[in-house]
1. Under a Cβ-Cβ cut-off of 11 Å, what is the net charge of the residues other than Val31 that fall near it, where Lys and Arg count +1 and Asp and Glu count -1?
2. What order, most packed first, do the peptides 195-203, 19-27 have when packing is the mean number of other Cβ atoms within 10 Å of each residue?
3. Net charge near Arg70: determine it from the other residues with C-beta under 12 Å of the C-beta of Arg70, scoring Lys and Arg +1 and Asp and Glu -1.
4. Just to confirm the number: angle between the C-alpha axis of helix 232-245 and the first principal axis of the chain, 0 to 90 degrees, nearest 10?
5. Taking the 0 to 90 degree range and rounding to the nearest ten, how far is the long axis of helix 212-227 tilted relative to the main principal axis of the chain, both from C-alpha atoms?
6. Give the angle, between 0 and 90 degrees and rounded to the nearest 10, that separates the Cα long axis of helix 186-198 from the longest principal axis of the Cα atoms of the chain.
Amino acid sequence: MRLTLDGDWNATVTGDPLRSTPRFDFPGQCVRIAEYADVEEWQRFLVETFGSQEWLWDAPDELRFDPAGRELVGVGFRLPYESADAEDSARVPATPPVHPGGLRADEARDFRLEVTTELCRAPGDTVLTCLRDLDVLDEPLEARIGIAPDVALLVQHDTVVGWSLTDPVRYLTTAFAAPDPTPPAPATRRLFTACMDMITTPLLDAVKSRNPAALAKLRELDHSLRSQHEDRHRADALLALLGDLVEDYADRPTEQKP
């Protein structure tokens, strides 16, 4: 299959998906798939590869390719700011199934991959699906290309129209750190869904408006994250973003600081 990205930029699906474990940087709201472990390694990685990348104030999604073989070697996807309502999220098709595969660029030149605009959440946040726009849901998907464990590109009319992350709570982390390899605790899964509610509309709008009921939920969630004794790496990743919301809108009491 030959895919189109950025209008006239094309890549061919290969049989070799990325083997790196996805990293869901929750405070950064970004999913990364690559071997770099810090900012310095990431910057060297960008210099040594080609494709779509962040540049100054422009922040598109990242697909990076090795110049020698033109194979996909790294990914960086940003979650959309807008969350689709439950009715639209329920329209995300269950088919076709994911077919593992990598990408090979048709030519070694840079392009720009627009970020997606709509976040569709499956029940229990078992899958996060990020779409170019909701018009994608009006027609069937042509393919799901599994470019890495639990990460797939969504294809419609030979064009990449979005991406998905299955079991996102498993990959929670901060910045470039590796996620905890042990399975998430059930309490973490519940807290993850509560955090996703908190950082998306309409609850986030209510927090920013300092609605008393919304702020009470925010403080309660903050306390639950700080009180959880198991699965601390994931809980801390959630807290890194929720704690900022508390400081900005809910005036967190000093005694709740770790």
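Read-outs throughout are calculated quantities, based only on the coordinates presented, and are distinct from any laboratory measurement. Note that the structure is a prediction, hence the values are computed from the model and not measured. In this analysis, Cβ positions are derived from the backbone assuming ideal geometry, glycine residues included, and neighbour counts consider all displayed protein chains.
1. Numbers: positive: Arg23, Arg32, Arg78; negative: Asp25, Asp61, Glu62, Asp150.
Net charge around Val31: -1.
2. With the highest mean Cβ count within 10 Å placed first, the list reads 19-27, 195-203.
3. Numbers: positive: Arg64, Arg104, Arg109; negative: Asp66, Glu71, Asp106, Glu107.
So the environment of Arg70 carries a net charge of -1.
4. Orientation of helix 232-245: about 70 degrees from the principal axis.
5. Result, in degrees: 80.
6. It works out to around 90 degrees.
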